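The values are calculated or read from the model by the stated rules, or taken from the named source; none is laboratory data. No experiment lies behind these values; they were computed from the predicted model shown. Positions of Cβ are backbone-derived with ideal geometry, glycine not excepted, and every protein chain shown enters the neighbour counts. Only protein heavy atoms, including side chains, enter the accessible area calculation; ligands, DNA and RNA are left aside. Shrake-Rupley method; radii C 1.70, N 1.55, O 1.52, S 1.80 Å.
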Amino acid sequence: MSEKYIRQQNLVILPPEQPKHRPHDWHANNRVQNVFSLDQQALADRVISESDRVIDETKHTTEESKSEVDFRLRERIEDIRFRRDELQQQKKEAHIEEEALKVYKRRTIDAINTLREIAVPLCQKCIVLREGRQGTDLVNDGVDRELRKELDVTEGGIALLEKVLEQCVEQIRRLRATIYLLDRDLADKDRSIRIDEKNLELRPNQMEMKVYAGRVPLDPYNSTDEEWIMVTNKNIEATAKEINSAQPLRSYIDQLLRQVAEDIRTQVERTNAAFRQRTAELRYTKVKLENVHKETVRQVNELTRTVTRLEREIAEKEGYVALAQTRLANRSQRPGIELCRDNVFEGLKKELAALRETIAKLDGSLVKSKATLRYLLNTQVMQEEEINLKTQSLHIDEVDCMTMRESFKFQDF
């Protein structure tokens with residue numbers, strides 16, 4: 001019979017009978033399942049008991065380990081602070097010695113500048129001026145010999161001071177190098193203290209705590225504790241060594257400054273004693289320089305006015321440029337077909353081009369004028385310096401020369 005016929009007749013097709021277990025098998029299976037369940041429950045009880053034991057044991061061990069680490073952290077912090085205090089004390093002493101050396105460096109530089117800018121030019125001016133003497137006054141007299149000896153003594157003193165200045169600068173550099181190492185060591189120790197203090201404040205139940213799952217190792221140690229102590233001791237010893245080297249250097253600089261000042265003062269007095277008998281006339285050169293300087297001042301004033309006029313013209317032309325640009329901008333807002341390239345647009349474009357060309361020419365003239373003005377100002381300054389030198393030379397060669405030289409006393413540097 002077909003399946004359609006069976007549905008029409010409301011008939012039910014029974015499946016074939018499956019093989020079934022016997023009641024004996026059913027009871028046996030229940031007993032096996034019961035025994036297996038009891039075995040698993042017993043195993044679970046043993047695991048729970050073992051877990052409780054392990055939890056209690058590891059909890060005690062963990063607390064002991066944390067307490068020991070906390071104690072070691074506190075001990076480490078105190079050790080770092082002790083080392084930091086030693087470094088800070090050494091740094092303070094190094095700073096004191098550095099400031100003392102800076103004072104001696106300044107004294108040495110002032111002495112060199114005084115000799116190079118005052119003593120040597122004064123002596124050289126006297127020699128050069130006396131070489132310009134004419135007639136019978138051009139003789140190798142006692143003044144010439146004393147002037148040249150004074151120049152030799154002064155330049156010798158400068159050479160000695162420059163040499164000791166190099167030693168002073170080098171010693172300051174070495175002190176700064178040790179201070180830099182101390183600062184870096186102090187910064188590292190301060191950071192270590194902050195890190196360890198933060199570690200002491202950490203608790204295992206904090207919200208932000210989590211197990212590290214990265215691949216980078218958490219123990220990238222660079223040195224041992226002995227090496228750490230050795231580095232700190234090395235920095236302290238190096239700083240102490242440089243401090244001990246700086247102290248005798250300061251004594252030597254002080255002694256040298258006094259000796260150089262005394263030698264030059266003695267020679268200047270001898271030169272003044274011989275110089276009182278000789279003078280020379282340089283007024284013609286001074287008057288000539290003053291006339292040239294007067295003409296330079298006139299040209300400087302004229303150029304200054306020219307620069308002012310050029311700047312004013314450029315400012316006015318920039319106003320016209322702004323006007324043309326504003327008109328172009330306003331006309332660009334015309335609507336529709338009205339926005340065309342008419343004669344007005346072409347005229348404005350030509351006007352802008354002409355204005356830019358005019359401003360470029362004015363800028364070129366302004367640059368040239370300013371450059372010439374700078375050159376003239378430099379020339380004016382040089383002329384004024386020459387006039388001052390000649391004025392000083394005149395005072396030296398005239399009646400006031402002896403008074404000026406005798407009033408110029410070398411004090412202790």
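Observations on the model:
- Contacts under 8 angstrom Cβ, first residue in the stretch 284-297 being touching a residue at least 24 places away in the same chain (Cβ under 8 Å), partner surrounded by 14 or more Cβ atoms within 10 Å (Cβ to Cβ) and β-branched (Val, Ile, Thr), 6 or more apart: LYS286/ILE387; LYS286/THR391; LEU289/ILE387; GLU290/ILE387; HIS293/ILE387; THR296/THR379
- Top-ranked residue in the stretch 329-372 [being surrounded by fewer than 12 Cβ atoms within 10 Å (Cβ to Cβ) and polar (S, T, N, Q); ranked as modelled with the lowest pLDDT]: SER332
- Scanning the stretch 57-90 for residues that are loosely packed, with under 14 Cβ neighbours inside 10 Å and among the aliphatic types (A, V, I, L, M) returns a single hit, VAL69.
- Here is the figure for the stretch 108-134: residues that are part of a helix (DSSP H, G or I) and either open to solvent by 60 Å² or more (accessible area, probe 1.4 Å) or within 14 Å of THR239 (Cβ to Cβ) (or both) total 7.
- Tally, over the stretch 83-131, of residues that are more than 24 Å from GLU162 (Cα to Cα) and among the acidic types (Asp, Glu): 4
- When residues of the stretch 184-194 are limited to those that are open to solvent by 60 Å² or more (accessible area, probe 1.4 Å) and under 19 Å from GLN90 (Cα atoms), the one modelled with the highest pLDDT: ARG184
- Of the residues making up the stretch 24-32, not a single one is touching a residue at least 40 places away in the same chain (Cβ under 8 Å) and of a type in the set (Asp, Glu).
Results for (1) at pLDDT below 75; (2) within 30 Å of GLN171 (Cα to Cα); (3) touching a strand residue (DSSP E or B) at 6+ places or on another chain (Cβ under 6 Å), shown as yes or no for each residue.
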residue	(1), (2), (3)
ASP196	no, no, no
ASN199	no, no, no
LYS210	yes, no, no
VAL216	yes, no, no
MET230	no, yes, no
ASN235	no, yes, no
GLN247	no, yes, no
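- Yes/no for VAL139 being under 23 Å from VAL268 (Cβ atoms), surrounded by fewer than 13 Cβ atoms within 10 Å (Cβ to Cβ) and at pLDDT below 90: yes
- Positions within the stretch 34-75 being of a type in the set (Asp, Glu) and farther than 30 Å from GLU197 by Cα, in sequence order: ASP39, ASP45, GLU50, ASP52
- Of all the residues in the stretch 26-56, those that are among the hydroxyl-bearing types (Ser, Thr, Tyr) and either over 29 Å from PRO204 (Cα atoms) or open to solvent by 90 Å² or more (accessible area, probe 1.4 Å) (or both) number 1.
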